[in-house]
Amino acid sequence: MSAPDRGELLRAPLFHTPRNPFAEQRALECHWDGGLLIRDGRVAACGDYQTVRAAHPEAATTNWRGGFLLPGLVDTHVHFPQVRVLGCLGRSLLDWLDQCALPEEARMADESYARGIACEFVRALASHGTTTALAFGAHFLPATAALFEAAQASGLRVISGLVVSDRGLHPELHQTPEQAHRASAELIGRFHGRGRLHYAVTPRFALSTSEGMLEVCQSLLREHPGLRVQTHLNENPAEIAEVARLFPWASDYLAVYERFGLIGPRAVMAHNVHPSEAELERLAASRATIAHCPCSNAALGSGLFPMRRHLQAGVRFALGTDVGGGTGFGILKEALHAYLFQRTVPEGLSLDPAQLLYLATRAGAEALGLDAETGDFQPGKAADLVYLRPPAGSPLAGVMAQAEDPEQALAALLTLAGQESVAEVRVEGSVVYRSAA
Ligand code: GUN
Ligand code: ZN
């Protein structure tokens, strides 16, 4: 019989948002001399260090003062086959797909190449503090299986699925609806619900899917309980016009997905930069979530996310990096850019640090139906965390050494903590990344 786990007590300033700061005052919890007790991979207690220590004298303390603890970050929109597309600037969506993204995605037909990229991808997630991701797979079954296998080996929580398309892309990326159904069902059987993996039905976007393919997506959802859905919505004006031409019966872009039963609480739609009021109303009623990807929206010139309209309509949203249309794997960077763009758009919001942290963590967990498991440090949840330690001599180290107000300190972390500050990342208490420094 193994000895009972006495627990590890991490001592560091810690921040989390166990409540929604868009809906409630004082949703941010901060413990400046914090204690996070981990036992059997779960959060056993979270509070002031001395209080937790006194209640659990048997636990071994790890002194992490000098750094900061946040819940593991959640990326609700990222493309695994696009790691090496990052930095392809200067194009709008449809040209960028044609010239940058799709040629690289076609290389995923080579299984051994895809395996290498899958390893790079999960390593990049972990090294940026992301513990949970909703990721587009590839258009090929073996490459998508390689992603699931790399994710399983990494320990991260990954929800993904075969990307299905039968028109409008480069022909080597197309499958027939029958092939897509067969391959998706095989991947669901192999990976959905295995450890921390889940499956998401993944039509690339309305522009690349016939009605027959959307029917396949609907069938998969009916046949396999618990699946998520991910796709793109209202990203770019030229895309929206083309969708209207391809689906003349649809009153708007969202109506295409609605017709095939794809919109609901487990659906995550990326972008939604150009929604109508009617679409916002229906999205709110459906409880679907928008993956807001501010860096991608700027890099591809897609436009400025109407956050105030989403909030007023009651539409849920969380953050996504949209690698490789975006500019990297940092979810804290996305939070900062969400803030910056809202500061500059007409009718923009002034987001506070609690709201930004929530968007980077718990809002994503809620979007993915994983908020009972991850997203904050409430006792009973999995100990998914990122330990940020500013490099000695860095501007962030200097700012934090002088910080007196916890909210200001969190704002500085959101502004300045990049990959170089990620010291350790854990999922369910187990290390998934530790920096060499
Ligand atoms: N719409 C369809 N495919 C893509 C993609 O790969 N990236 C983005 N940003 N939008 C898309
Ligand atoms: Zn995308």
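Listed by Cβ neighbour count within 10 Å, with the fewest neighbours leading, Glu120, Glu239 appear as Glu120, Glu239.
What does the C-alpha gyration tensor say about the overall shape of the range 341-437? Classify as rounded when a/c is under 1.5, otherwise prolate if a/b is larger than b/c, or oblate.
Numbers: a/c = 2.02, a/b = 1.06, b/c = 1.91.
The shape class here is oblate.
As a calculated quantity, the FRET efficiency between Gln152 and Gln378 at R0 = 22 Å, using C-beta atoms, amounts to about 0.25. Roughly speaking, what is the centre-to-centre gap between the range 287-322 and the range 117-141 when only Cα atoms are used, to the nearest Å? What the calculation gives is 21 Å, centre to centre.
The relative contact order of the range 24-76 comes to 22 percent, based on Cα pairs under 8 Å that sit 6 or more residues apart.
From the alpha carbon centroid of the range 219-247 to that of the range 1-31 is 36 Å. Of the peptides 307-316, 126-135, 143-152, the ranking by mean beta-carbon count within 10 Å, highest at the top, reads 126-135, 143-152, 307-316. Between Ala278 and Glu120, the contour length at 0.36 nm per residue exceeds the alpha carbon distance by 52.8 nm.
The relative contact order of the range 217-305, computed from alpha carbon pairs under 8 Å that lie at least 6 residues apart in sequence, is 32 percent. Going by neighbour counts of Cβ atoms within 10 Å, the residues Trp249, Trp32 line up, fewest first, as Trp249, Trp32.
When each of the peptides 399-407, 334-342 is scored by how many other beta carbons lie within 10 Å of its residues on average, the order from highest to lowest is 334-342, 399-407. DSSP finds beta bridges in the chain, and of those with both partners inside it, around 45 percent are antiparallel. Distance between the pseudo-spin-label points of Ala250 and Thr51 (7 Å out from Cα toward the beta carbon): 5.0 nm.
Taking max minus min of the alpha-carbon positions on each principal axis, the range 79-234 gives extents of 41, 38, 30 Å, largest first. Each Lys and Arg adds +1 at its Cβ and each Asp and Glu adds -1 at its Cβ; summed about the Cα centre, the range 355-437 shows a dipole of about 260 debye.
Under a model in which nothing but the beta-carbon of Lys, Arg (+1) and Asp, Glu (-1) is charged, the chain shows a dipole of about 620 debye around its Cα centre. Residues Arg266, Arg91, ranked from the fewest to the most other C-beta atoms within 10 Å, line up as Arg91, Arg266.
Across the chain, the relative contact order, built from alpha-carbon pairs under 8 Å that are at least six residues apart, equals 20 percent.
Rule-based calculations on the coordinates, nothing more; no lab input. What you are looking at is a predicted structure, and each value in this text was computed from that prediction instead of being measured. Virtual Cβ from ideal backbone geometry, glycine too; neighbours counted across all protein chains shown.
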